[in-house]
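Novice: Can you keep this structure in mind? I'll have questions shortly.
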Amino acid sequence: MLADDQPIRPGTADRIADLAARRREAVAIAEKHAADRQHTKGKLTARERIDLLVDPGSFVELDQLARHRCAEFGLDADRPYGDGVVTGHARVDGRQICLFSQDFSVFGGSMGEVFGAKVLKVMDLAMSIGCPIVGINDSGGARIQEGVVSLAYYAELARRNAHASGVIPQISMIMGPCAGGAVYTPAITDFTVMVEETSHMFVTGPQVVQATTGERVTPQDLGGPTVNTAVSGNAHHSAADEADAIDWVQTLLGYLPSNNLDTAPEFEDPSSPEPTGDDLALDTLIPDSPQQAYDMTELIARIVDDGEFTEIHGAFAPNMICAFGRIQGRSIGVVANQPRHQAGVIDIDASEKAARFVRFCDAFGIPLLTLADVPGYLPGVAQERAGIIRRGAKLAYAYAEATVPQVTVVTRKAYGGGYAVMGSKHLGADVNLAWPTAEIAVMGAEGAIRILHRRELAGLDEAGREQVECRLAEQYREHHASVYSAAERGYVDAVITPAETRLQVAQAFRALRNKRKTLPARKHGNIPL
């Protein structure tokens with residue numbers, strides 16, 4: 001390799017050729033060293049990740065020649081180009097994105113002044129041209145040698161994330177360690193994906209935890225993908241490997257607009273204009289017994305184009321489904337109760353999960369389909385003490401402030417507060433449909449009659465009580481829980497057969513394409529965080 005201070009041949013063309021050759025050779029050597037370090041850990045390099053993510057030949061690198069300038073900290077002994085992060089812009093499926101990819105092989109991917117400035121620059125570019133920003137995280141955290149400067153750039157990044165929120169989609173990929181101040185920018189972004197075995201994310205690492213609390217814990221048990229996707233809900237997807245993570249992000253981007261003023265990509269309508277066998281199968285989806293569960297994903301698959309949808313936050317609060325799909329070639333967001341998990345009840349986690357998803361869809365103009373089969377909010381001392389009043393209200397707030405087209409289908413039951421917050425007409429839904437099996441009431445029939453007729457039932461023996469309870473429950477369903485009572489008041493626009501659902505939903509969204517709705521003028525609301 002030619003030294004940087006070695007004389008070059010005279011002549012402009014020769015100078016350009018020599019400089020280009022030096023840079024290519026320097027990058028090749030650095031990439032070889034990076035590959036050796038990363039591959040032994042089962043990880044790809046920063047540039048290999050970019051190559052997998054973007055369209056071939058579309059990546060344009062920015063600030064490739066940037067170097068840190070902190071000689072006073074003894075860092076000048078080795079001043080690699082790039083300073084631990086690769087930034088630039090590219091295309092994914094022909095659509096523009098901006099991205100940065102942290103390079104763990106250079107100073108452990110730690111953030112210093114030049115590193116931070118490069119990331120801020122590409123985030124500002126994403127905002128100025130209105131395209132998604134994808135951050136590939138694999139970093140040891142703040143660069144200790146650069147002191148407070150490193151911390152300052154974490155705060156600057158958080159400010160950029162906050163300003164970009166609701167303007168451009170922001171996606172974080174956690175491909176290795178992400179700890180300390182580094183975790184807060186992914187937390188502000190819209191979607192976070194982790195990789196099994198190789199990635200972890202926590203505020204304080206195992207050594208700090210042990211020193212302060214005495215607890216011994218591994219990085220994976222403290223902040224691995226399983227913990228962050230299924231327990232804390234910090235991450236939205238756990239991928240089997242890095243290629244799987246990148247594939248998930250590519251799929252996700254296909255549902256999203258480039259910015260809040262753009263529309264999501266539209267595809268050809270593959271759906272049949274007539275009822276199909278899949279449609280007719282919905283007539284037998286609901287079990288005869290109200291206590292028997294069914295899989296709501298079967299209904300989603302029969303409504304969306306080609307039966308394809310991408311679930312978000314699937315391992316967290318599985319009693320609530322959030323997913324992206326398409327209807328007649330156009331992106332929609334789906335929010336649905338899942339009867340297979342806790343009967344589809346709404347708890348704190350389910351409320352917060354759905355509320356954030358609803359707000360994302362509303363921010364980016366993605367219509368919402370709500371599928372309701374909900375017994376209400378989860379009762380219990382633990383939920384009350386954990387703040388289900390405040391945190392459960394987030395879902396009502398999210399739906400109430402949404403101005404995108406909203407269609408709701410009640411399949412079996414919608415009781416109490418669960419009815420109100422799951423895309424009800426009263427919170428602003430445009431079209432509300434229900435199946436004949438639907439019950440809309442303050443509570444289920446069995447619980448209601450035990451309160452309303454407690455004295456009458458208390459005076460009966462066990463055999464007589466059971467018979468009377470059945471009779472009273474049927475009367476309650478007929479007079480107080482019938483979906484037709486809600487339809488009489490205009491709370492339900494139509495009672496449809498299950499087989500009609502796909503066509504009725506598609507028709508509703510088609511009619512709502514030019515919906516216009518505004519909220520009162522204000523700086524911003526104050527959601528109960």
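The values are calculated or read from the model by the stated rules, or taken from the named source; none is laboratory data. As the structure is a prediction and not an experimental result, all values here were calculated from the model. Virtual Cβ from ideal backbone geometry, glycine too; neighbours counted across all protein chains shown.
Novice: Which residue out of Met194, Met127, Met173 is buried (at least 24 other Cβ atoms within 10 Å of the Cβ), farther than 15 Å from Val86 by Cα and at pLDDT 95 or above?
Specialist: So the residue among Met194, Met127, Met173 that is buried (at least 24 other Cβ atoms within 10 Å of the Cβ), farther than 15 Å from Val86 by Cα and at pLDDT 95 or above is Met194.
Novice: Ok, one more. Tally time: how many residues in the stretch 355-409 are over 27 Å from Ala445 (Cα atoms) and among the acidic types (Asp, Glu)?
Specialist: Final tally of qualifying residues: 2.
Novice: Please work out if Ser139 is touching a strand residue (DSSP E or B) at 6+ places or on another chain (Cβ under 7 Å), modelled with pLDDT under 90, surrounded by 18 or more Cβ atoms within 10 Å (Cβ to Cβ) and part of a helix (DSSP H, G or I).
Specialist: The answer is no for Ser139.
Novice: Would you point out which residue out of Pro275, Pro290, Pro257 is under 22 Å from Ala354 (Cβ atoms) and surrounded by 13 or more Cβ atoms within 10 Å (Cβ to Cβ)?
Specialist: Among Pro275, Pro290, Pro257, only Pro257 is under 22 Å from Ala354 (Cβ atoms) and surrounded by 13 or more Cβ atoms within 10 Å (Cβ to Cβ).
Novice: Mind listing just one residue for me: the one in the stretch 176-191 that is surrounded by fewer than 24 Cβ atoms within 10 Å (Cβ to Cβ) and hydroxyl-bearing (Ser, Thr, Tyr) and, of those, modelled with the highest pLDDT?
Specialist: Thr189
Novice: In addition: Can you tell me which residue in the stretch 84-122 is surrounded by the fewest Cβ atoms within 10 Å (Cβ to Cβ), limited to those that are charged (D, E, K, R) and part of a helix (DSSP H, G or I)?
Specialist: By that ranking, first place goes to Lys121.
Novice: Using beta carbons and a limit of 9 Å, which pairs, at least six apart or on different chains, have the first residue in the stretch 255-279 and within 11 Å of Ile327 (Cα to Cα) and the second one loosely packed, with under 13 Cβ neighbours inside 10 Å?
Specialist: Pro270/Asp306; Ser271/Asp306
Novice: Filter the stretch 353-405 down to residues that are of a type in the set (D, E, K, R) and surrounded by fewer than 18 Cβ atoms within 10 Å (Cβ to Cβ) and give me whichever is farthest from Arg302 (Cα to Cα).
Specialist: Arg385
Novice: Take His200 and tell me if it is surrounded by 22 or more Cβ atoms within 10 Å (Cβ to Cβ) and touching a Gly at 6+ places or on another chain (Cβ under 6 Å).
Specialist: Taking the combined requirement at face value, the residue satisfies it.
Novice: Conditions: (1) surrounded by 20 or more Cβ atoms within 10 Å (Cβ to Cβ); (2) without any contact (Cβ under 8 Å) to a residue 40 or more places away in the chain; (3) of a type in the set (Val, Ile, Thr). Val148 meets all but one. Number of the miss?
Specialist: Going through (1) surrounded by 20 or more Cβ atoms within 10 Å (Cβ to Cβ); (2) without any contact (Cβ under 8 Å) to a residue 40 or more places away in the chain; (3) of a type in the set (Val, Ile, Thr) one by one, Val148 breaks only (1).
Novice: When you look at Asp288, is it in the same structural domain as Trp435 (by TED's automatic domain parsing) and assigned to a loop (DSSP other than H, G, I, E, B), yes or no?
Specialist: When the stated conditions are applied, Asp288 passes them.
Novice: From the set of residues in the stretch 227-275 that are within 19 Å of the chain's Cα centre (by Cα) and among the aromatic types (Phe, Trp, Tyr), which is farthest from His200 (Cα to Cα)?
Specialist: Tyr255
Novice: All but one of (1) among the charged types (D, E, K, R); (2) surrounded by fewer than 19 Cβ atoms within 10 Å (Cβ to Cβ); (3) modelled with pLDDT of 90 or more hold for Arg502; state the number of the condition that does not hold.
Specialist: If we test Arg502 against (1) among the charged types (D, E, K, R); (2) surrounded by fewer than 19 Cβ atoms within 10 Å (Cβ to Cβ); (3) modelled with pLDDT of 90 or more, just (2) comes out false.
Novice: Does Ala162 satisfy being under 22 Å from Leu125 (Cα atoms) and in contact with a helix residue (DSSP H, G or I) (Cβ under 9 Å, 6 or more places away or on another chain)?
Specialist: yes
Novice: What do you reckon, is Arg465 surrounded by fewer than 23 Cβ atoms within 10 Å (Cβ to Cβ), touching a helix residue (DSSP H, G or I) at 6+ places or on another chain (Cβ under 6 Å), of a type in the set (D, E, K, R) and at pLDDT below 95?
Specialist: yes
Novice: Select, from Val119, Val85, the only residue that is in contact with a strand residue (DSSP E or B) (Cβ under 6 Å, 6 or more places away or on another chain), within 16 Å of Ile188 (Cβ to Cβ) and modelled with pLDDT of 80 or more.
Specialist: Checking each option against the conditions leaves just Val119.
Novice: Do we have any residue at all in the stretch 205-225 that's among the polar types (S, T, N, Q) and within 13 Å of Ala315 (Cβ to Cβ)?
Specialist: No, the stretch 205-225 contains no residue that is among the polar types (S, T, N, Q) and within 13 Å of Ala315 (Cβ to Cβ).
Novice: Given the conditions (1) touching a Lys or Arg at 6+ places or on another chain (Cβ under 8 Å); (2) over 13 Å from Gly423 (Cα atoms); (3) outside any helix (DSSP H, G or I); (4) not polar (S, T, N, Q), which single one is not true for Glu352?
Specialist: (3)
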